[in-house]
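Below: one structure, written as structure tokens.
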Amino acid sequence: MRALLAVLLVAVPGALAQGLPDLGDVAQAGFTPLQERRLGEAIMRQIRADRDYYDDAEATDYINTLGNRLASRSTESRQDFEFFLIRDSQINAFALPGGFIGVNTGLLLAAQAESEVAGVMAHEIAHVTQRHIARMLMQQSQSSLATLGTIAAALLLSRVSTQAAEAAVAFGQAGAIQSQLNFTRDNEREADRVGLQILDQAGLDPSGMATFFERLQRATRVYESGAPSYLRTHPLTFERIADMQSRTEAMSYRQVPDSLEFQLIRAKLRAQLDAPRDAITFFEQSLAERKFLSEAASRYGLVASLTRARDYPRARTELESLRKLVPANAIVDTLTCEFGYQAYGPEKALPCFREALKTYPSYRALVYDNADVLLQTKRPEEALRFVEARLQVIADDYRLYLLQARAYAALNKRLSQHRAQAEAYVRMGNLGGAMEQLRLGLKSGDGDFYQLSSAESRLRELRKLDDELRREAGKK
């Protein structure tokens, strides 16, 4: 997150504040859910642009499936949630205003059960549904937009890095912000109570929350640099753990096995984020010593690691063993096709993607890979038809627009290329980039009357939206 930290520290209260909605005097006027969402979206534009925003389709789909399973069970949830991953080895998760919840990859790798990850996520969902962040912001009397921008940045930074949070506080109104960085003990107890109810209603093991927090507390004794990030922003006491355990004992006992997807995604993270040789050694040892939570996941991780290391003969052998354990699974089928792509090239891998899509037509990783392979094998017309069919179903997927732009570029349709690139930027929160793409398209000398008129209309629409956002940001 280093790049993100630099952006936010420099931006507050300047550039970041320019992207924030006008919230007025939040102490007097209140902080509505709509304002929370708009503030969260402004912060997310910064996060999505950061290199440590981990936008892997499979891992993101998994964390959102689990997160929405939990959020749907909250009786107090009146908003949409979006869950995202940060490439960071620290054990951490954090809630932002408006239902955006970040999960560090380190949390998934440190957890020993799916219900443990779910417990942390349920706790964060409870912080949102109980509007704890909104209350923090409302405590700052007569908050100007600049002050609110500083607080918002500090809240985010405190969940990522203690040093960065201290720098943000020093940059802004230190005394006013410092007391708002951490959730209060009352906030934490309420999030524990509501989170346990969410876990129970979602059919997961409520004891996972207490188990994981207890292990985190024990881990503070061996951390050289102090407590894990999560504990620095979520005060944890023996009383809280005892209370969680007491509440869990009052619930019906439930032993919930981990989903295969949980284990496979954890293996994928280790295979992708560790050095290839380190990952190979880890999975080889776990298989040799039979020290694993899932043999299929360990074999999956070994195949992925060997493929990264370009040891294709061994990867092929291990893949055959994996397919015997897991004959049909979207994550395994995607790995099979990706191995074929790496080992034999895009032309030979194309039939694999086509066959897998017959079983999993909406699986995002397969959709993106198949379109990419079509483009690499000089089939832009087919790629365009494929992508546009998907856009009829999901119109807000920026990756599909990027693929569409590549297809138009291969067909030398420059106006359409810039138009598709613009739509991708709109969905990434980059209005300036989107308008520039439309201007380039209109100057390209390409397109018929109707296409030019449509592009001009879209440019006017985005200018109007950009003006509205700037006027809102300029108000105090």
### Model label zone, Gln376; criterion: amide N under 14 Å from point 7 Å along Cα-to-beta-carbon; scope region 327-354
335-354
### Pairs from Lys378/Lys443; Lys268/Lys378; Lys268/Lys291; Lys378/Lys413 whose Cα-Cα separation, in the structure shown, is over 19 Å
Lys378/Lys443; Lys268/Lys378
### Heavy-atom surface of region 418-474, accessible at 1.4 Å and reported per residue (Å²)
57 Å²
### Query
With each label point set 7 Å from Cα along the Cα-Cβ vector, what nm distance links Ile394 and Arg45?
2.4 nm
#### Entry: Part-to-part distance (alpha-carbon centres) for region 184-213 and region 350-380, which is given in Å
40 Å
### Message
What whole-number volume per residue, in cubic angstrom, does the convex hull of the C-alpha atoms of region 324-407 give?
### Response
86 Å³
### Inter-site label distance for Arg314 and Glu289 at 7 Å from Cα along Cβ, in nm
1.8 nm
#### Entry: Assigned charges on the beta-carbon of Lys, Arg, Asp, Glu; region 262-328 dipole about Cα centre (debye)
140 debye
## Note on the structure
Stretched fully, the stretch from Arg277 through Thr184 gains (0.36 nm per residue minus C-alpha distance, one decimal, in nm) 29.1 nm
### Query
What order do you get for 209-216, 45-52 when each peptide is scored by the mean count of other beta carbon atoms within 10 Å, highest first?
209-216, 45-52
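For region 288-339, which chymotrypsin sites (Phe, Trp or Tyr not before Pro) pass both filters: DSSP loop (anything but H, G, I, E, B) and at most 12 other C-beta atoms within 10 Å?
none
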### Query
Ranked highest first by average number of other Cβ atoms within 10 Å, how do 399-410, 270-281 line up?
399-410, 270-281
### Message
Given a 1.4 angstrom probe, I'd like the percentage of the accessible area of region 294-376 that is carbon and sulfur, rounded to a whole number.
### Response
51 percent
#### Entry: Kirkwood hydrodynamic radius (C-alpha pairs) into Stokes-Einstein, region 368-458, 4 °C and 1.567 mPa s, D in µm²/s
99 µm²/s
### Task
Provide the per residue accessible area, probe 1.4 Å, for region 279-375, rounded to a whole number of square angstrom.
46 Å²
## Note on the structure
With the convex hull built on the alpha-carbon atoms of region 244-313, volume per residue in Å³ sits at 112 Å³
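The values are calculated or read from the model by the stated rules, or taken from the named source; none is laboratory data. A quick note: this is a predicted structure, and the numbers were derived from the prediction, not measured. In this analysis, Cβ positions are derived from the backbone assuming ideal geometry, glycine residues included, and neighbour counts consider all displayed protein chains. Ligands, DNA and RNA are excluded from the accessible area calculation, which covers all protein heavy atoms including side chains. Shrake-Rupley method; radii C 1.70, N 1.55, O 1.52, S 1.80 Å.
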